[in-house]
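J.: Below is a structure I'd like to ask you about.
A short reminder: the numbers here are calculations on the coordinates, not readings from a lab. Values in this document were obtained by computation on a predicted structure and should not be read as measured data.
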Amino acid sequence: MIQLFMPLGFLGFVYREIKGSMANIENMFKLLALRPAVVDAPDAQVLDSTANSVSFDNVSFAYQEDRPILNQLSFTIEPGKKLAIVGASGAGKSTIVKLLFRFYDPSSGTIRIGGQDISQVTQHSLREQVGIVPQDTVLFNDTLFENVRYGRVDASREEVENAIRLAHLDAFIARLPDGGDTLVGERGLKLSGGEKQRVSIARTILKGSPILVFDEATSSLDSRSERAILDSLAELAREHTSLVIAHRLSTVVDADQILVLDQGEVVEQGTHTELLRRGAKYAELWQAQQSRAAGETAPIAVLN
Ligand code: ATP
């Protein structure tokens, strides 16, 4: 029997290795498509693994020289706090995430994590430190458990189960024919946008990075999915410094600070209550979203 199991075990190992490489190749292509020009400084340091504050100091950026996207943007997220960025489509929200991940370098200004300039640290240590829940989650043709384990391939089953619980995916999994062993992805069960984002949240919990970036999906969610995501985000925010790129204002009401971005500039800043009281741009967006939501009972309205 052992003669049969040893090669099978090895095959399983090879399969996981290949699957890991495929995912890396996929990420690599995404990065190549973005721009591979960012390289580590010759004397790049390792980012302090306990660093968990984020600051943008007068950051400007343009994809093409004649078209500025971000203009002297400054903000700080203190350790353990949640900062949300809202604004119309094209305002530059996702660009901020790309700069924080150092897919691009700013044309001027400095981005720091725990006081260290991110252009002076290794990209590897930077990306270890920041966990991202992207708008679109890639699922592999594998079980739901394995899809979550991708967040940290050496995680135990218990750790994966814990992440699933914190991401509020457990009730959903309990309803599946084979529970966590159900196949998902192209050749398996198709997950909704909200369920996919929760898989991604579980992966990020497993990865254990102290800084979390949540790039909210733009597509409408039904109110149950939205609630589950808000609950899992609240769980994450308790232990992370969070940056939330929000398309629904419901995601930002509890943020410690909200930035309203317009054409790459911060036009308003404050908490939900402060911004509503101000009665300007944010209050307008809130009003518009409330009236839309009242008109559409199932899907929650989005900002753009
Ligand atoms: P949305 O809410 O629609 O996701 P956003 O606020 O996140 O929008 P960004 O994705 O940051 O906006 O884009 C800001 C501007 O930069 C847009 O005008 C966009 O067309 C432009 N842009 C984004 N990516 C690139 C790129 N790779 N090359 C050139 N221009 C780009």
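J.: Any chance you could get the radius of gyration and Dmax over the Cα atoms of the stretch 122-193, in Å?
T.: When restricted to Cα atoms, the stretch 122-193 yields Rg and Dmax of 13.2, 44 Å.
J.: Send over the per residue convex hull volume for the stretch 25-159, Cα only, as a whole number of Å³.
T.: That works out to 153 Å³ per residue.
J.: If you stretched the chain out fully between residue 105 and residue 122, how much longer would it get, using 0.36 nm times the residue separation minus the C-alpha to C-alpha distance?
T.: Values: separation 17, 0.36 × 17 = 6.12 nm, distance 1.35 nm.
That pair, residue 105 and residue 122, stretches by 4.8 nm at full extension.
J.: Just subtract the alpha-carbon distance of residue 265 and residue 94 from 0.36 nm times their residue separation and send over the number in nm, one decimal. Please report the intermediate quantities before stating the final value.
T.: Details: separation 171, 0.36 × 171 = 61.56 nm, distance 1.36 nm.
Value of the extension gain: 60.2 nm.
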